[in-house]
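K.L.:
For reference, the structure I am asking about is given below.
The values are calculated or read from the model by the stated rules, or taken from the named source; none is laboratory data. A quick note: this is a predicted structure, and the numbers were derived from the prediction, not measured. In this analysis, Cβ positions are derived from the backbone assuming ideal geometry, glycine residues included, and neighbour counts consider all displayed protein chains. Heavy atoms of the whole protein, side chains included, go into the accessibility calculation; ligands, DNA and RNA do not. Shrake-Rupley method; radii C 1.70, N 1.55, O 1.52, S 1.80 Å.
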Amino acid sequence: MKILLSIKPEYASRIFEGVKRFEYRRVIPARAEVRHVVVYASRPVGRVIGEFEIGGVLSGTPVDVWRRTQSQAGISRHEFFEYFRNARTAHAIQVMNEVCYEVPLGLAERFRVSAPQSFRYLDE
């Protein structure tokens with residue numbers, strides 16, 4: 001199963017450059033069968049630019065998750081802790097086998113959905 005994940009363009013680019021090996025989230029999908037992420041680069045890009053396999057998910061306190069992932073975070077310590085400010089739990093989705101599309105896709109034409117606030121399950 002796949003999910004469509006909205007990611008800021010600068011962070012999405014880092015994923016496909018191989019710099020950002022973890023995508024951080026406050027909330028993750030409840031369905032265990034989710035194995036792939038389709039990446040929607042939010043505005044101003046506003047397109048689906050690629051996808052990746054989920055290598056695993058690390059969860060814990062923000063301090064613990066940062067300690068375990070910081071060498072492959074692709075973001076600064078400040079950005080990480082700003083995102084998780086006042087959060088008790090942090091999740092890190094491990095990025096594997098990323099594929100950047102040669103031609104970005106439109107949501108309406110390809111997936112017939114609108115941009116998700118966080119994520120959306122996709123039908124296969």
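K.L.:
Quick one: which of VAL45, VAL39, VAL57, VAL95 is surrounded by 15 or more Cβ atoms within 10 Å (Cβ to Cβ), assigned to a loop (DSSP other than H, G, I, E, B) and at negative phi? Steps first, please.
P.N.:
Working: VAL39 fails: assigned to a loop (DSSP other than H, G, I, E, B); VAL57 fails: assigned to a loop (DSSP other than H, G, I, E, B); VAL95 fails: assigned to a loop (DSSP other than H, G, I, E, B).
The conditions single out VAL45.
K.L.:
Moving on. Report every pair of residues separated by at least 6 positions or lying on different chains whose Cβ atoms are under 6 Å apart, first residue within region 14-38 and farther than 23 Å from ALA87 by Cα, second open to solvent by 50 Å² or more (accessible area, probe 1.4 Å) and assigned to a loop (DSSP other than H, G, I, E, B).
P.N.:
Between residues of region 14-38 that are farther than 23 Å from ALA87 by Cα and residues that are open to solvent by 50 Å² or more (accessible area, probe 1.4 Å) and assigned to a loop (DSSP other than H, G, I, E, B), the close pairs are GLU33/MET1; VAL34/MET1.
K.L.:
Moving to a separate point now. Tally up the residues in region 27-36 that are surrounded by 14 or more Cβ atoms within 10 Å (Cβ to Cβ) and either at pLDDT 95 or above or not hydrophobic (A, V, I, L, M, F, W, C) (or both), please.
P.N.:
Keep residues of region 27-36 that are surrounded by 14 or more Cβ atoms within 10 Å (Cβ to Cβ), which gives 28-29, 34, 36.
Imposing the further condition that a residue be either at pLDDT 95 or above or not hydrophobic (A, V, I, L, M, F, W, C) (or both) reduces the set to 29, 36.
Counting residues in region 27-36 that are surrounded by 14 or more Cβ atoms within 10 Å (Cβ to Cβ) and either at pLDDT 95 or above or not hydrophobic (A, V, I, L, M, F, W, C) (or both) gives 2.
K.L.:
Does ARG77 satisfy the condition of being free of Cβ contacts under 8 Å to residues at least 24 places away in the same chain, exposed (fewer than 13 other Cβ atoms within 10 Å of the Cβ) and more than 14 Å from LYS2 (Cα to Cα)?
P.N.:
Numbers: free of Cβ contacts under 8 Å to residues at least 24 places away in the same chain: yes; exposed (fewer than 13 other Cβ atoms within 10 Å of the Cβ): yes; more than 14 Å from LYS2 (Cα to Cα): yes.
Taking the combined requirement at face value, the residue satisfies it.
K.L.:
In addition: If I filter region 98-124 down to residues being modelled with pLDDT under 85 and acidic (Asp, Glu), which single residue comes out as least open to solvent (accessible area, probe 1.4 Å)? I'd like the intermediate steps shown before the answer.
P.N.:
Keep residues of region 98-124 that are modelled with pLDDT under 85, which gives 108-118, 121, 123-124.
Narrowing further to those that are acidic (Asp, Glu): 109, 123-124.
On the way: GLU109: 126, ASP123: 153, GLU124: 161 Å².
Only one residue fits best here, namely GLU109.
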